[in-house]
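The values are calculated or read from the model by the stated rules, or taken from the named source; none is laboratory data. Quantities reported herein were computed from a predicted structural model and do not represent experimental measurements. Cβ placement follows ideal geometry from the backbone for every residue including glycine, while neighbour counts extend to all protein chains displayed.
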Protein chains: 2
Amino acid sequence: MGKEKYRVAILGATGAVGTRMIQQLEQSTIPVGEIRLLASARSAGKTLSFNGKSIVVEEARPESFDGIDLVLASAGGSNSARLLPEAVKRGAVCVDNTSYFRMNDQVPLVVPEVNEKDLAWHHGIIANPNCSTIQMVMALEPVRQKYGLTRVIVSTYQAAGGAGQSAIDELETESQAYLNRDSEKVTPAILPVKGDTHHYQLAFNLLPQIDVFEADGYTHEEWKMIHETKKIMLGDKNSPEIKVTATCVRVPVSVGHGESVWFEVADQQKPTIAQLHQSMAAFPGLVVVDDPASQLYPQPKTAEGRRETFVGRVRPDLETPGAYNLWIVADNLLKGAAWNSVQIAERLVADDLVRVPEGSAALFATE
Amino acid sequence: MGKEKYRVAILGATGAVGTRMIQQLEQSTIPVGEIRLLASARSAGKTLSFNGKSIVVEEARPESFDGIDLVLASAGGSNSARLLPEAVKRGAVCVDNTSYFRMNDQVPLVVPEVNEKDLAWHHGIIANPNCSTIQMVMALEPVRQKYGLTRVIVSTYQAAGGAGQSAIDELETESQAYLNRDSEKVTPAILPVKGDTHHYQLAFNLLPQIDVFEADGYTHEEWKMIHETKKIMLGDKNSPEIKVTATCVRVPVSVGHGESVWFEVADQQKPTIAQLHQSMAAFPGLVVVDDPASQLYPQPKTAEGRRETFVGRVRPDLETPGAYNLWIVADNLLKGAAWNSVQIAERLVADDLVRVPEGSAALFATE
């Protein structure tokens, strides 16, 4: 039996995702008894509103989690690494939007429509997948369930908002300078990757780098799409069952990721487009927008502010039977981050899983 | 033996491609004796400059081609359909940037670095391929020549400029309105396709439609990438030798197309990335920009105004031996249109092919 009211902390409450976590929590089915808004020392003292009530943002410290039942975290990997073990130690269940714990075998990586079952074995931390991965598995899971999936090749069109509010601000500042024919007056400092050496203009441009480069020539974002997809769909981050490869590109859009996906099904009975539409339309949280004759297809502009994932342009590869192309769009800050996290918290509450199993804290203890 | 001087007409001289054809012709090796700038009645009377000399734009009529040796055309398919047969009848060799004649078996479809040999059998009209196709075959032809090519899966990131200057203007107007939080004050009228029913905002958005939809769910742009690639590389627009599939997306960039390409080679000796780099770097007109450690990769911003095609992010598909991903960028208005057309004209002059073979006019005669 669940609690009557839950005491919730939001870590990173002032960011692009954090502010949306507050909104999504306001609109959720979770009975919130107390809310604690946490951020860095720099943001402490700011006032935000929750259900019409003003809340002062506090600096996040280990003690901030005393008496807390649920934590929603989106304050960067290093803060999650440092603070979430402290929260677990204090008995709080954490939903973490950073990449820090995603590949940890003791941490479920969950998109509720796809693998809610993995919540059952959590040890106090549940990871929210990468935004690009979430919307892709949302569109492909109904295909996998019904027809099997053998191979995925994805090219992403990712909005600046995936890199935070400062990246959106940078894109808009650069865009205004470009329109004023003053681009040289703006010096990019955030994109493509805040901590990397070089920064480039995204306005009216394309940057084929999201996150840092790995030694094999892939970016870490591409690496995430490959391994997170396998962990979510197959429960094994290195499973060879579905081959996945990815190219991730930042585009001059503020909010809303697009993805062009080519995939191959296992089933010898190659599904028709109508059959694929039917499986997708029946999948919770997935909306089929696919009517070429009426020029209807998903767009970031129409997906912004929505919790659903939108799929369209579904069509067969004309030369490879059993292979298909499609186009996916979702609000990367909602289904890709804040909503998926709050949705996980909703399921934890509904399934009475807001409790830290004994011995969990030791799993994440830092030396 | 070629002529000492060539009399050249540019059809569609006032457009985004036409103005660049003038610039590229000024910088070309072609000895231009006379230049005639042609456009619609609406643009007639405007003054443009060629090599510092003012030229008044004339309305294009059949008689405009009297005494002309070479025509560069970029005034839309219907104008090419109507006027180029008249030019051929009058002895002028035409390089056509529209799609109207591209699939005609009597018309070579040429990217000089790839299939200059096809110029030899022209009948007065040579077609310039679609912009997206040109930069893709530029990057893949050195791979095909050395290792064979069995399959190509491409997702494009196409700039507004591919739809003409009015589309660039629309994108900029929409972008300013978006930055002013006034998007609802602008009504899109050009993109995604000027003549289609619905128009959508491209600013800070993505439109997965370029050109009209075919009955099979593909856009005509995607159809072009499939069949033009086969005609250019293999001499047969329906060849099954290389499987090609495409997803074409318009992005909020003014000039410079990006392409994410996955491809598979035939060779059992899978090439290394260093070997692929070597083949590409040796290919004329292709520049390898590929140093992840230094964050170097092609971008539209740095490709704008350049004649070359830029390729980077070359890396193996980690789960499919013999398959690779890469990223291509070119100035769609130069290598994708004006420069490739002028380059074809340069080769025609160099190879002494600026003459219409007897009987050619009948091939294109309209009823």
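Where in the stretch B:254-323 are there strands (runs of 3 or more DSSP E), lying wholly inside it, with at least 1 residues that are more than 11 Å from chain A (Cβ to nearest Cβ) and under 24 Å from residue A:250 (Cα atoms)? Before the answer, list the steps.
Values: elements: B:257-265, B:286-288, B:309-316.
Once the strands (runs of 3 or more DSSP E) in the stretch B:254-323 are filtered for at least 1 residues that are more than 11 Å from chain A (Cβ to nearest Cβ) and under 24 Å from residue A:250 (Cα atoms), what remains is B:286-288, B:309-316.
In a loop (DSSP other than H, G, I, E, B) and over 11 Å from the mean Cα position of the chain (by Cα): which single residue out of A:115, A:104 fits that description?
A:104
Give me the residue from the stretch B:149-158 that is aliphatic (A, V, I, L, M) and more than 8 Å from every other protein chain (Cβ to nearest Cβ) and, out of that set, farthest from residue A:207 (Cα to Cα). Step through it out loud before you land on a result.
Going residue by residue through the stretch B:149-158, those that are aliphatic (A, V, I, L, M) are B:149, B:152-154.
Cutting the leftovers down to more than 8 Å from every other protein chain (Cβ to nearest Cβ) gives us B:149, B:152, B:154.
Numbers: B:149: 27, B:152: 22, B:154: 17 Å.
Filtering first and then ranking leaves B:149.
Does residue B:301 satisfy being basic (Lys, Arg) and within 24 Å of residue B:158 (Cβ to Cβ)?
So residue B:301 passes the test.
If you go through the stretch A:343-363 one residue at a time, do you hit one that is within 14 Å of chain B (Cβ to nearest Cβ), touching a residue at least 60 places away in the same chain (Cβ under 8 Å) and crowded, with 17+ Cβ neighbours inside 10 Å? Reasoning before the result, please.
The initial filter retains those residues of the stretch A:343-363 that are within 14 Å of chain B (Cβ to nearest Cβ), namely none.
Scanning the stretch A:343-363, I find no residue that is within 14 Å of chain B (Cβ to nearest Cβ), touching a residue at least 60 places away in the same chain (Cβ under 8 Å) and crowded, with 17+ Cβ neighbours inside 10 Å, so the answer is no.
Among all residue pairs at least 6 apart or on different chains, which show Cβ distances below 8 Å where the first residue, located in the stretch A:31-55, is free of Cβ contacts under 8 Å to residues at least 60 places away in the same chain and closer than 14 Å to residue A:68 by Cβ and the second is among the aliphatic types (A, V, I, L, M) and in a loop (DSSP other than H, G, I, E, B)?
Note: pairs meeting the criteria are A:36/A:68; A:37/A:13; A:37/A:57; A:38/A:13; A:38/A:57; A:38/A:60; A:38/A:75.
Taking into account only those residues within the stretch A:115-148 that are closer than 30 Å to residue B:152 by Cα and charged (D, E, K, R), which is nearest to the other protein chains (Cβ to nearest Cβ)?
As a first pass, look at the stretch A:115-148 and keep what is closer than 30 Å to residue B:152 by Cα: A:129-148.
This time we only want the ones that are charged (D, E, K, R), so: A:141, A:144, A:146.
Working: A:141: 20, A:144: 17, A:146: 20 Å.
Restricting to residues being closer than 30 Å to residue B:152 by Cα and charged (D, E, K, R), the top hit is A:144.
Whether any residue in the stretch B:27-44 is at pLDDT 95 or above and within 30 Å of residue B:259 (Cα to Cα) is what I want to check.
Among the residues of the stretch B:27-44, at least one is at pLDDT 95 or above and within 30 Å of residue B:259 (Cα to Cα), which makes the answer yes.
Look at the stretch B:252-266 and say how many of its residues are surrounded by fewer than 24 Cβ atoms within 10 Å (Cβ to Cβ) and of a type in the set (D, E, K, R).
Number satisfying all stated conditions: 1.
Residues of the stretch B:99-114 being under 21 Å from residue B:13 (Cβ atoms) and surrounded by fewer than 22 Cβ atoms within 10 Å (Cβ to Cβ), which ones? Lay out the reasoning, then the answer.
Here is the first cut: in the stretch B:99-114, the residues under 21 Å from residue B:13 (Cβ atoms) are B:99-101.
Of everything in the stretch B:99-114, those that are under 21 Å from residue B:13 (Cβ atoms) and surrounded by fewer than 22 Cβ atoms within 10 Å (Cβ to Cβ) turn out to be B:99, B:100.
Filter the stretch B:116-137 down to the residues that are more than 17 Å from residue B:226 (Cβ to Cβ) and either outside the structural domain of residue B:351 (by TED's automatic domain parsing) or touching a residue at least 12 places away in the same chain (Cβ under 8 Å) (or both) and list them by number.
Here is the first cut: in the stretch B:116-137, the residues more than 17 Å from residue B:226 (Cβ to Cβ) are B:116-126, B:128.
Once the filter is applied, which keeps residues that are more than 17 Å from residue B:226 (Cβ to Cβ) and either outside the structural domain of residue B:351 (by TED's automatic domain parsing) or touching a residue at least 12 places away in the same chain (Cβ under 8 Å) (or both), the stretch B:116-137 yields B:116, B:118, B:119, B:120, B:121, B:122, B:123, B:124, B:125, B:126, B:128.
I'm told residue B:149 meets every condition in (1) touching a strand residue (DSSP E or B) at 6+ places or on another chain (Cβ under 8 Å); (2) touching a residue at least 60 places away in the same chain (Cβ under 8 Å); (3) closer than 23 Å to residue A:179 by Cα except one. Can you identify the failing condition by its number?
Checking residue B:149 against (1) touching a strand residue (DSSP E or B) at 6+ places or on another chain (Cβ under 8 Å); (2) touching a residue at least 60 places away in the same chain (Cβ under 8 Å); (3) closer than 23 Å to residue A:179 by Cα, the one that fails is (3).
May I ask you to verify whether residue A:186 is crowded, with 16+ Cβ neighbours inside 10 Å, more than 18 Å from residue B:326 (Cα to Cα), aliphatic (A, V, I, L, M) and within 19 Å of the chain's Cα centre (by Cα)? Step through it out loud before you land on a result.
Numbers: crowded, with 16+ Cβ neighbours inside 10 Å: yes; more than 18 Å from residue B:326 (Cα to Cα): yes; aliphatic (A, V, I, L, M): yes; within 19 Å of the chain's Cα centre (by Cα): no.
Here the answer is no, as residue A:186 does not meet what is asked.
Answer yes or no as to whether residue A:82 is closer than 29 Å to residue A:160 by Cα, surrounded by 20 or more Cβ atoms within 10 Å (Cβ to Cβ), at pLDDT 95 or above and of a type in the set (Lys, Arg).
Values: closer than 29 Å to residue A:160 by Cα: yes; surrounded by 20 or more Cβ atoms within 10 Å (Cβ to Cβ): no; at pLDDT 95 or above: yes; of a type in the set (Lys, Arg): yes.
When the stated conditions are applied, residue A:82 does not pass them.
Inside the stretch A:159-191, can you point out the residues that are within 12 Å of chain B (Cβ to nearest Cβ) and touching a Cys at 6+ places or on another chain (Cβ under 6 Å)?
Of everything in the stretch A:159-191, nothing turns out to be within 12 Å of chain B (Cβ to nearest Cβ) and touching a Cys at 6+ places or on another chain (Cβ under 6 Å).
How do the pairs read when you match residues in the stretch A:218-238 that are at pLDDT below 95 with residues anywhere that are in a helix (DSSP H, G or I), using Cβ under 6 Å and keeping only pairs 6 or more apart or on different chains?
As it stands, the answer is none, since no pair meets every condition given.
Only residues that are assigned to a loop (DSSP other than H, G, I, E, B) and facing chain B (nearest Cβ under 9 Å): list them for the stretch A:216-241, please.
Correct list: A:216, A:217, A:218, A:240.
Sort out which residues of the stretch A:199-215 are within 19 Å of residue B:303 (Cβ to Cβ), more than 8 Å from chain B (Cβ to nearest Cβ) and surrounded by 20 or more Cβ atoms within 10 Å (Cβ to Cβ), and write them in order of number. Before you say what the answer is, go through the steps one by one.
Of all residues in the stretch A:199-215, those within 19 Å of residue B:303 (Cβ to Cβ) come to A:199-209.
With more than 8 Å from chain B (Cβ to nearest Cβ) added as a condition, the list becomes A:199, A:202-203.
The answer is A:202, A:203.
So, in the stretch B:336-357, exactly how many residues are outside any helix (DSSP H, G or I) and among the aliphatic types (A, V, I, L, M)?
Taking the stretch B:336-357 as the starting set, the residues that turn out to be outside any helix (DSSP H, G or I) are B:351-357.
Now drop any that are not among the aliphatic types (A, V, I, L, M), which leaves B:353-354, B:356.
Counting residues in the stretch B:336-357 that are outside any helix (DSSP H, G or I) and among the aliphatic types (A, V, I, L, M) gives 3.
Quick check on residue A:194: is it of a type in the set (Lys, Arg), surrounded by fewer than 24 Cβ atoms within 10 Å (Cβ to Cβ), more than 8 Å from chain B (Cβ to nearest Cβ) and under 21 Å from residue B:313 (Cβ atoms)?
Working: of a type in the set (Lys, Arg): yes; surrounded by fewer than 24 Cβ atoms within 10 Å (Cβ to Cβ): yes; more than 8 Å from chain B (Cβ to nearest Cβ): yes; under 21 Å from residue B:313 (Cβ atoms): yes.
Yes: the conditions hold for residue A:194.
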